[in-house]
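Here the structure is laid out as structure tokens; the discussion comes afterwards.
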Amino acid sequence: MTDKWYRVVHVQNQGYSTMTPEAWDATPEAHRERVRVLQLCDSQEGATVAYRELPQEWRDKKNLHKARGEWWESIEVGDGVLFKPADRPLPVIEVEIPPELHVLADILGRLPPERSRAETRALDWYATRSPTPSRR
């Protein structure tokens, strides 16, 4: 059954394009693995406009999607995903880490049997008495 969506897509190793609902329906499941849908549109004209809005310099970006009228790029970070505007670099943020956190990280880097009693007490004290940053 054919759906009603026209798609702006990125085909792996081929580039960006638009697909009609019929073309999407005719694409075998095995080939769909190579197709990333960037945007769903309700008309061919809308898909063509969205395709033309893709800046040429994004041709090598892999994880693009459109949300709230902007193009976003998703980046896998550790066990999560970070979303950033596709047309801007990530901001550089410098954070000063207090010396006691370096010490605690060193203690936590060792297995519990390798920690001294004083180190274990320090961890317990810090976990129960340290101020928790407020979340806004």
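The values are calculated or read from the model by the stated rules, or taken from the named source; none is laboratory data. Computed from a predicted model, the values in this text were never measured in an experiment. Don't worry about glycine lacking a Cβ; one is built from the backbone with ideal geometry, like all the others, and counts go over all protein chains shown.
Quick check on this structure: which one of Glu70, Glu76, Glu96, Glu100 is farther than 30 Å from Ala127 by Cα and acidic (Asp, Glu)? Outline the logic, then answer.
On the way: Glu76 fails: farther than 30 Å from Ala127 by Cα; Glu96 fails: farther than 30 Å from Ala127 by Cα; Glu100 fails: farther than 30 Å from Ala127 by Cα.
After applying the criteria, what remains is Glu70.
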**Message:** Every residue in region 88-114 that is of a type in the set (A, V, I, L, M, F, W, C) and part of a loop (DSSP other than H, G, I, E, B), please.
**Reply:** Leu90, Val92, Ile93, Val95, Ile97, Leu111
**Asked** What's the number of the condition Gly69 fails, among (1) surrounded by fewer than 11 Cβ atoms within 10 Å (Cβ to Cβ); (2) at negative phi?
**Response** (2)
**Fill in**
Taking region 12-31 and the residues there that are under 27 Å from the mean Cα position of the chain (by Cα) and hydrophobic (A, V, I, L, M, F, W, C), the one that is nearest to Gly46 (Cα to Cα) would be Met19
**Prompt:** Only one residue in Leu38, Leu123 is at pLDDT 80 or above, touching a strand residue (DSSP E or B) at 6+ places or on another chain (Cβ under 6 Å), outside any loop (DSSP other than H, G, I, E, B) and of a type in the set (A, V, I, L, M). Which one?
**Reply:** Leu38
**Item:** In region 1-24, the residues that are β-branched (Val, Ile, Thr) and in a loop (DSSP other than H, G, I, E, B)
**Value:** Thr2, Thr20
**Request:** Give the residues of region 62-84 that are farther than 21 Å from Arg7 by Cα and touching a Phe, Trp or Tyr at 6+ places or on another chain (Cβ under 9 Å), sorted by residue number.
**Result:** Ile75, Phe83, Lys84
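Can you find even one residue in region 25-33 that is in a loop (DSSP other than H, G, I, E, B), of a type in the set (Ser, Thr, Tyr) and modelled with pLDDT under 85?
Residues of region 25-33 that are in a loop (DSSP other than H, G, I, E, B), as a first pass: 27-28, 33.
Still in the running and of a type in the set (Ser, Thr, Tyr): 27.
Among the residues that remain, those that are also modelled with pLDDT under 85 are: none.
No, the conditions are met nowhere in region 25-33.
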